[in-house]
Amino acid sequence: MDDRRGHGQLPGKEQISIKDEEDGVDLKETYLRRIERFLKGAKEKEIESLFFYSNAWRREDSRYLAGFNFLGPFNVLLITPDGKVRMGVSCPSDFRKAKEELPWLEEIILETPDMGQMARAWEKTGIHGKMGVSGLDLLPIRLLKQLQKSFPGLALVSITDMVNQIRLIKSSDELDSIRRSAALGDKAYETFLESVRDGRNAYEIMADVERTVKQGGAEDNFMIIGIGGVDVMAMAPPTDRVPIKGDQVLTEITPHIEGYCAQICRTCVKGKPTRAQLKGFDIFLKSEEEAIKIMKPGVSVAEVAKAQNDVFRSHGFGDYVTVQYTRTRGHGLGLWQSEPPIINEESKAVLKENMVLIVHPNTYMPGVGYLVVGETVVVTKDGVEILTKADRTLRAV
């Protein structure tokens, strides 16, 4: 056997026995059910096989379909019409890790620099017709050319939208991870406040938060920050700027636990907030509250955006809810920190039970500057559950 390959029989459901030691969940069964959903969706689109490409920045497909947190630069999964799953990994440590953690995979291949090992090995599968590719826009040209060489006439079509739609609704296990991430985000915000209070610069503030989330069990954290007043038009990566009296200090913290993230947006003030800051921030709080109040299954995402924007319009700030000043009024959350649906008034999406989103009316306010507040919520059968619990008022530190 080629030492860059590993083989394992994909068992029938009655043979599946791998269990999560903490809660007894049959992990392999979970992944097989997800694969079945993708194959069903593909069949409806007359797609014969599925190809999932993940890179070091976008690991969602590998996590969702195999629970595999790879270490190398990329990872691929090939699913043939019979439901068999083959994996390609990009470094020896991932090869060893996959063989140990995923014995149920049909085949595991360590890719070569020319990215041809997988394509050559998988010629025997007889793939033809349409291949649905998730991450087609991320696919390296070398790999694309090897696929075209090994499978002449194969039509590659993007299934990214289909994948996003299937992943919208979260399972109880996914929600459990997101709740833990939200609780850790609350704790990280307290660290953020302490660091601002201690007079640390933006680099140091972010380092303190990073320590808190990593010690709390997060494998990753996306975070941006803003310090200042009317000069701040948005949040950004850190600098060595130190908050001074009167500065607004704002952040977005996004811990990932077991791949799943929650997000919290908060603003505080170094010293005592001014009347203008308090009055302006009250509009943001009201905007967030009005949106959360109407959220439930069947409500359109556009209505959620409009509920936020109308609060600003009623106070004469309608120009500041446009794309000139703000990107979105929130978005979905899951294995990536900015998933569909995007909350804006043009969205065609509709809320469904067990969708997870962040609602954040973040924008620039003239005379005050950029302000943020945002909650991670899960849609329930008759409303939403707010997962982030940290004080959302304009804290003086």
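Tell me, yes or no, whether the stretch 227-249 has at least one residue that is surrounded by fewer than 18 Cβ atoms within 10 Å (Cβ to Cβ) and in a helix (DSSP H, G or I).
no
Checking R327 against (1) more than 21 Å from the chain's Cα centre (by Cα); (2) more than 23 Å from L175 (Cβ to Cβ); (3) without any contact (Cβ under 8 Å) to a residue 40 or more places away in the chain, which test does it fail?
Of the numbered conditions (1) more than 21 Å from the chain's Cα centre (by Cα); (2) more than 23 Å from L175 (Cβ to Cβ); (3) without any contact (Cβ under 8 Å) to a residue 40 or more places away in the chain, the odd one out for R327 is (1).
Condition test on E48, is it out of contact with any Leu (no Cβ under 8 Å at 6 or more places or on another chain) and not aromatic (F, W, Y)?
Taking the combined requirement at face value, the residue satisfies it.
Considering only residues of the stretch 150-166 that are in contact with a helix residue (DSSP H, G or I) (Cβ under 6 Å, 6 or more places away or on another chain) and touching a residue at least 40 places away in the same chain (Cβ under 8 Å), which is farthest from G132 (Cα to Cα)?
I166
What are the residues in the stretch 311-343 that are crowded, with 16+ Cβ neighbours inside 10 Å and not in a loop (DSSP other than H, G, I, E, B), if any?
V311, F312, Y320, V321, G330, H331, G332, E339, P340, P341, I342
Give the residues of the stretch 96-121 that are in contact with a strand residue (DSSP E or B) (Cβ under 6 Å, 6 or more places away or on another chain), part of a helix (DSSP H, G or I) and either under 19 Å from D82 (Cα atoms) or not assigned by TED's automatic domain parsing to the domain that holds Y53 (or both), sorted by residue number.
Passing the criteria: M118, A121.
For the stretch 200-226, which positions are buried (at least 21 other Cβ atoms within 10 Å of the Cβ) and not in a strand (DSSP E or B)?
Result: A202, I205, M206, V209, T212, V213, A218.
Answer with yes or no whether W104 is more than 24 Å from the chain's Cα centre (by Cα) and of a type in the set (F, W, Y). Can you show your working first?
Working: more than 24 Å from the chain's Cα centre (by Cα): yes; of a type in the set (F, W, Y): yes.
Criteria met by W104.
The values are calculated or read from the model by the stated rules, or taken from the named source; none is laboratory data. From a predicted model like this one, the values you see are computed outputs, not experimental measurements. Every residue, glycine among them, receives a Cβ derived from its backbone with ideal geometry; neighbour counts consider all protein chains shown.
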